[in-house]
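Asker: Following this message is one structure expressed as structure tokens.
No value in this document is a laboratory result; all are computed from the given coordinates. In this text, all values refer to a predicted model and were calculated from it rather than measured experimentally.
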């Protein structure tokens, strides 16, 4: 992981990330139960209409969320 991350990934960070991925897999498995959908690298779908928003936008759910990407220096707020 350290070879691809701009910041050092500690053993604890890596273990936490593995745990977060396992939680993602459990939740994704429940969401796609019986649909034969591969969620290994994330899920893509279309947003439903909600309140006064028309919906239809593409949505992505990724195994590594923005918090982790920020922590490892991949996603930078600018």
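Asker: On C-alpha positions alone, give me the angle between the axis of helix 11-31 and the longest principal axis of the chain, in degrees, nearest 10.
Answerer: For helix 11-31, the angle is close to 10 degrees.
Asker: Moving on to the next point. For the chain, modelled as a Gaussian network with Cα springs under 10 Å, which listed residue fluctuates most, 49, 30, 11?
Answerer: The residue with the greatest mean-square fluctuation here is 49.
Asker: For Cα extents along the principal axes in Å, which listed value, [x] 44, 30, 24; [y] 41, 36, 18; [z] 50, 31, 17, comes from the coordinates shown?
Answerer: The value computed from this structure is option [y].
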